[in-house]
Amino acid sequence: MRKLAALLVSLCLLLAAPATWASGARTVDAAMQDLVSLLSDTQTQEYTDARTTHQVQNAAKWVLVFFTLEGFAGSNDYTLYMAVFEPDFGRDTPEHEGRKHASGEVDKYRLVGYAPVGGKGWREVDFAKFKVDSDTIILQTTEYRDSDSMSTPSQPGRAVFKVQPRQVVEVLPPGQAPAPAAAGKTSAAPRGPH
């Protein structure tokens, strides 16, 4: 019940936040600090060594950030997340349209959306192995078999996510029900494999 309440509070805060992120776009790191704060409670911590950031070579020039929150509500559970950012070329200030650093990197990014992608008892995700195809992100996962311990999932799998305006949504193949553990993991804080 606590996890559901925390998820609802986080969702409400996040829905209020996009206007701020859109008008006051910032670096990916600064936006990530805000996102982690929104998803956390007083006992949750980001496992910072597990965070990985990838610049995607697609038309939208996404930046994917995989991160792990752990210790939600004082538990030893962890949840793995993926956040998608896109460059914001100063749309609210036309004189800075398309401004880039000498290195070619844009100044500001805005959050497109995020989603929980795995966690303890649900599935593990290889943050280095993914594929982007148009508006779809395919992650390489390891799922839990009934006989697996909580520390060693063994079933190779994949998870497919669609990037939509202001959200990232998991897409299940036709006829496939969501994994039972996934329902309980959506609001838990994640921790990456140590």
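The values are calculated or read from the model by the stated rules, or taken from the named source; none is laboratory data. Note that the structure is a prediction, hence the values are computed from the model and not measured. Just so you know, the surface numbers come from the protein's heavy atoms only, side chains and all, with ligands and any DNA or RNA stripped out. Shrake-Rupley method; radii C 1.70, N 1.55, O 1.52, S 1.80 Å.
Here are some notes:
- Close amide-amide hydrogen proximity is noted between ASP77 and GLY71, PHE72, each under 5 Å apart and 5 or more residues distant or on a separate chain (H modeled in the peptide plane; Pro and chain starts excluded).
- Full-extension gain in nm, GLN33 to THR136, via 0.36 nm per residue minus C-alpha separation: 34.6 nm
- Ranking of ASP34, ASP133 by solvent-accessible surface, largest first: ASP133, ASP34 (1.4 Å probe, protein heavy atoms only, all chains present).
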